[in-house]
Amino acid sequence: MKRLGILASHRGTNFQAIIDACQSGKVNATPVLAISNNSKSEALARANRSGIATLHLSSQTHCSSTAIDSAMLDALQAHEVDLVITAGYMKKLGPKTLKAYERKIINVHPSLLPKHGGKGMFGMKVHESVIQSGDLQTGITIHWVDKEYDTGPIIAQQVVAVEPNDTALSLAKKVLTHEHNLLIETLATLMPDWSDI
């Protein structure tokens, strides 16, 4: 069974979806480590309630981004993590972690990349950008993580319609529901073939 490391900064709703899917057998994996740059994140609380190891890494715990990168890699390797999932993680990953886990880190982004992606495009900012653009559709993208923001090879996408009366808030809620489903479907598909990647 593959071992998952989850990186999250705030609520951790995708993390909870992963926990539930692993416990129910929908995904043939087990979350073994949760890392957050926010010591008070709900993601860490969710991990604690489920008996999953947690780690807080930020400028409060380490003096530099290089030190955080090294600590992250050490923790992932110590917990024998096979696949890393960045689910609402607001920090860029360091070069050591990216190299060691090349094509073993996936990200969930709430738009149809390459639209509405890149540095600073996260959370409500993405949905506000979609509304302001006048796009008739948005969606979710799951992709491999590389050294730039939201540029790695795409694994899966799902389209979500933008209705005339949608606001950034209503769009965020709609996209999130589909986001959970697509993430679990993608993980379930990915796990059996993981040894071939």
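Read-outs: derived from the displayed coordinates by stated rules, not from any lab. Remember, predicted model here, so these are calculated numbers, not experimental data. Glycine also receives a Cβ, built like all others from the backbone with ideal geometry; neighbour counts cover every protein chain displayed.
Under 5 Å from the amide H of residue 156 lie the amide H atoms of 142, each residue being 5 or more positions distant or on a separate chain, with H modelled from the backbone and absent for Pro and chain starts.
Residue 137: net charge of surrounding residues, Cβ under 12 Å, Lys/Arg +1, Asp/Glu -1, itself excluded? Net local charge, residue 137 excluded: -1. Here the Karplus curve 6.51 cos²θ - 1.76 cosθ + 1.60, taken at θ = phi - 60°, turns the phi angles of the stretch 30-40 into couplings of 9, x, 10, 8, 10, 10, 9, 8, 10, 5, 9 Hz, with x standing for Gly and Pro. Over all distinct Cα-Cα pairs of the chain, the Kirkwood formula returns a hydrodynamic radius of 17.0 Å.
For the chain, adding -39500 (n - 2.57) for each run of n ≥ 4 DSSP H residues and dividing by the number of residues yields -11500 deg cm²/dmol at 222 nm.
For a footprinting-style exposure proxy, rank 83, 183 by other Cβ within 10 Å, fewest first. List each step's numbers first, then the result.
Numbers: 83 20, 183 23.
Listed from fewest to most nearby Cβ atoms, that is 83, 183.
Which of the lysines could be linked to residue 119 by a straight reach, that is with a Cα gap under 18 Å, when you skip same-chain ones fewer than 8 residues away? Within the straight-line limit of under 18 Å, residue 119 reaches these lysines: 91, 92, 147. Cβ under 15 Å from residue 159's Cβ, residue 159 left aside: what net charge do those residues give with Lys, Arg +1 and Asp, Glu -1? Overall, the nearby charge balance is -3.
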